[in-house]
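Below is one structure, written out as structure tokens; the observations come after it.
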Amino acid sequence: MDTLKTRCLIIGSGPAGYTSAIYASRANLHPLVVEGYQPGGQLTITTEVENFPGYPEGITGTEIMEDFRKQAIRFGADIREGFVKEVDFTKRPFVAVTDQDQTIEADAIIISTGASARYLGLPDEEKYRGLGVSACATCDGFFYRKKKVAVVGGGDTACEEALYLSNIAAEVYLIVRKPFLRASKVMQKRVMEKENIKVLFSTETEGLYGEGQVEGAHLVEFRGDDRERHYDLPLDGFFLAIGHTPNTEVFRNAIECDEQGYIKTKGATTATNIEGVFAAGDVADPIYRQAITAAGMGCKAALDVERFLTEQG
Ligand code: NDP
């Protein structure tokens, strides 16, 4: 097994990871980045990115992440394929073991492994991914101007996504499996008052249909009681908003996470409960989850690492 040593190990390669790599490289920390299973992160599975400042004409998710990566390499970041499968944060240098049979010893670590949107688990979600199925209204909503869309979920994210889409699409259906919304009262009120949002309570999705792209959903209302009703709802877009899962399985026993598994950071910094380990991006952010906010946190994490290493001499 190879052993590599670095002053700064960055685990994960979305906007947060690459931004911290750019800043850490420019600070002469020679960071080593382990990219993870999905180099470039969640943006690489969206289509067009139109809300990242600096791209007035928009850019594809894959292209923007390739630009982030090139910029990090330009300043000397050492970017490696692989997935960190084990960590030891109990002593310094910290240790990370990858699935490429490498042991990495690091004086400081930035965790930027992101989060993954949850899906219902229907085979049709896979079939129509990028063809009408999306887990990000802010990313893809624009393509549904004056069309019919549905959002699945009853939490704050689902309500927020439905409200966002209601200003773009002609009609928005909120598909809620329970007879009530879980979202905060204020969000519920906004949704209920919006004329072009229709909430379908006690409703579940059984599948999607369409020739080459989503044309509708097979729904069931009141499953399991004598009112059970199966019907098809014509749609152009189908958005999932049933929560995200932070990619922290590897770190759960090594670092303090909240009850949903997001890494806890201290105040306005990216410091975790382990001195010398920092967290940036969606892995530590259950609220904003935007590429630009993740990039901002990546910058903060690199500055926090630089300060930490200077203090350590
Ligand atoms: P939540 O876990 O709060 O809600 C998930 C929703 O998805 C629930 O309605 C849940 O239904 C539903 N759901 C889960 N699995 C399925 C399934 N298999 N089929 C159908 N429906 C399903 O997640 P959110 O992402 O909405 O919010 C996460 C956290 O972030 C919350 O604490 C929220 O308050 C916060 N947040 C705050 C915002 C704000 O303040 N502006 C904005 C966005 C998020 P059920 O209720 O039946 O379990």
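The values are calculated or read from the model by the stated rules, or taken from the named source; none is laboratory data. Since the structure is predicted, the reported quantities are computational estimates derived from the model, not experimental observations. Virtual Cβ from ideal backbone geometry, glycine too; neighbours counted across all protein chains shown. Heads up: the accessible areas ignore ligands, DNA and RNA and are worked out on the full protein's heavy atoms, side chains in. Shrake-Rupley method; radii C 1.70, N 1.55, O 1.52, S 1.80 Å.
Worth pointing out:
- Segment 169-185 - residue that is among the charged types (D, E, K, R) and within 16 Å of the ligand (Cβ to nearest atom) and, of those, least open to solvent (accessible area, probe 1.4 Å): LYS178
- Only residues that are modelled with pLDDT of 95 or more and either over 30 Å from THR138 (Cα atoms) or in contact with a Ser or Thr (Cβ under 8 Å, 6 or more places away or on another chain) (or both) were counted across segment 255-295, and they come to 25.
- Residue that is nearest to TYR23 (Cα to Cα), among those in segment 255-271 that are more than 16 Å from the ligand (Cβ to nearest atom) and in contact (Cβ under 8 Å) with a residue 60 or more places away in the chain: THR270
- Residues (within 16 Å of the ligand (Cβ to nearest atom) and under 17 Å from GLU161 (Cβ atoms)) located in segment 286-302: PRO286, ILE287, TYR288, ARG289, GLN290, THR293
- Members of segment 263-306 that are out of contact with any Asp or Glu (no Cβ under 7 Å at 6 or more places or on another chain) and among the hydroxyl-bearing types (Ser, Thr, Tyr): THR265, TYR288
- GLU86 vs. criteria in contact with a Pro (Cβ under 9 Å, 6 or more places away or on another chain) and under 28 Å from GLU256 (Cα atoms): no
- Within segment 271-299, the residues that satisfy the criterion of being more than 20 Å from GLY54 (Cα to Cα) and open to solvent by 10 Å² or more (accessible area, probe 1.4 Å) are ALA271, ASN273, ILE274, GLU275, PHE278, ASP282, ALA284, ASP285, PRO286, ILE287.
- Filtered residues of segment 2-42 (kept if surrounded by fewer than 24 Cβ atoms within 10 Å (Cβ to Cβ) and on the phi > 0 side of the Ramachandran plot): ASN28, HIS30, GLY36, GLY40
- Among the residues of segment 157-168, the ones that are crowded, with 24+ Cβ neighbours inside 10 Å and more than 13 Å from the ligand (Cβ to nearest atom) come to 1 in all.
- Subset of segment 222-254 [more than 14 Å from the ligand (Cβ to nearest atom), assigned to a strand (DSSP E or B) and buried (at least 21 other Cβ atoms within 10 Å of the Cβ)]: GLY237
- Condition broken by ARG92, with the remaining ones in (1) within 25 Å of GLU256 (Cβ to Cβ); (2) within 21 Å of the chain's Cα centre (by Cα) satisfied: (2)
- Picking from residues in segment 195-221 that are open to solvent by 60 Å² or more (accessible area, probe 1.4 Å) and among the charged types (D, E, K, R), the one that is farthest from the ligand (Cβ to nearest atom) is GLU211.
- Residue within segment 158-166 that is part of a loop (DSSP other than H, G, I, E, B), touching a residue at least 12 places away in the same chain (Cβ under 8 Å) and out of contact with any His (no Cβ under 6 Å at 6 or more places or on another chain) present: no
- Inter-residue pairs, beta-carbon under 8 Å, first among the hydroxyl-bearing types (Ser, Thr, Tyr) and in segment 288-313, second not in a helix (DSSP H, G or I), 6+ apart: THR293/ASP285
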